[in-house]
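*Asks:* The structure follows.
Nothing in this text is a laboratory measurement; each read-out follows from the coordinates by a stated rule. This structure is a prediction, so every number in the text was calculated from the model and none was measured. We place every Cβ from the backbone using ideal geometry, glycine too, and count neighbours over all the protein chains shown.
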Amino acid sequence: MGTALSAFAAVGLLISGCSTGGTGTRDEGAAVTSPVEPGAPTPPRASAPAPARTVDAVALLRKDPAVSPRVKADLKPCGEDAYPVDTSYGNLTGGTAPDLVINVMTCGDSVGVGTYVYRERNEGYQNVFATEEPAVYATIDRGELVVTQQVYAKGDPLSFPSGEDVVTYSWADTKFSERYRVRNDYSRAVGNGEGAVPAPTVTSHD
């Protein structure tokens, strides 16, 4: 009889210890926080490119011996302090400062007469690309230099060229190299010669 009562009491204690209201084996208690091991140092963020500083493009062209006297003669205001010069700032040569693309045009009809690319060097600018063909204009497209030049056949009026060449250049080995060339031949069937043939000729120089 005594042995049975002892067994019954032991079972009661076990049930009491496993109840959800107690602090028995089902209560896990506070989570143990493991010490955080030092990880690899956070890599520094890439430095932002230097902001473009405004450059006097006209003064830069005038003192550049690589610019022809003919183009320099066009560097005169079309109006009050309004020169026919477009300047673009962007990364073309992988330098620490933005490069300059300068287009010189005529005052009357805005036809491009010269395109130049300057790279910052020793607190100044170095001419690294120049073309002074008529009806030329350059832009920056996703880190590449894109030069568009109108093509005129004999008898073409200035406002209606026969087509255009679009040449893409990339910077490599301290100079620009031609990568792609697209020729667009304009149709003579629309209006006074406006419009381009849908399938241009593409030449790759990769």
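*Asks:* How would you rank 101-111, 174-184, highest first, on the average number of other Cβ atoms within 10 Å across their residues? Walk me through the numbers before you get to the answer.
*Replies:* Working: 101-111: 17.1, 174-184: 14.6.
By packing density, highest mean first, the sequence is 101-111, 174-184.
*Asks:* Under the rule of at least 5 residues apart or a separate chain, name every residue whose amide H is placed under 5 Å from the amide H of Arg179.
*Replies:* For Arg179, whose amide H was placed from the backbone, the distant partners under 5 Å are Thr168, Tyr169, Ser170.
*Asks:* For Ser162, which sequence-distant residues (separation of 5 or more, or a different chain) have an amide H within less than 5 Å of its own amide H, given hydrogens modelled in the peptide plane?
*Replies:* HN-HN under 5 Å from Ser162: Val151, Tyr152, Ala153.
*Asks:* Can I ask one more? Cut-off under 18 Å on the C-alpha distance; same-chain residues fewer than 8 positions from Lys63 excluded. Which lysines are left, in chain and number order?
*Replies:* Candidates past the 8-residue exclusion: Lys72, Lys76.
*Asks:* Tell me which residues come under 5 Å, amide H to amide H, from Ala97 once H is placed; ignore anything under 5 positions away on its chain.
*Replies:* Amide H to amide H, under 5 Å and 5 or more residues apart or across chains, Ala97 pairs with nothing.
*Asks:* For the range 175-189, just list the computed ³J(HN,Hα) in residue order, Karplus coefficients 6.51, -1.76 and 1.60, θ = phi - 60°, integers in Hz, with x standing in for Gly and Pro.
*Replies:* With coefficients 6.51, -1.76 and 1.60, one gets 7, 8, 10, 5, 10, 9, 9, 10, 10, 10, 9, 7, 6, 9, 8 Hz.
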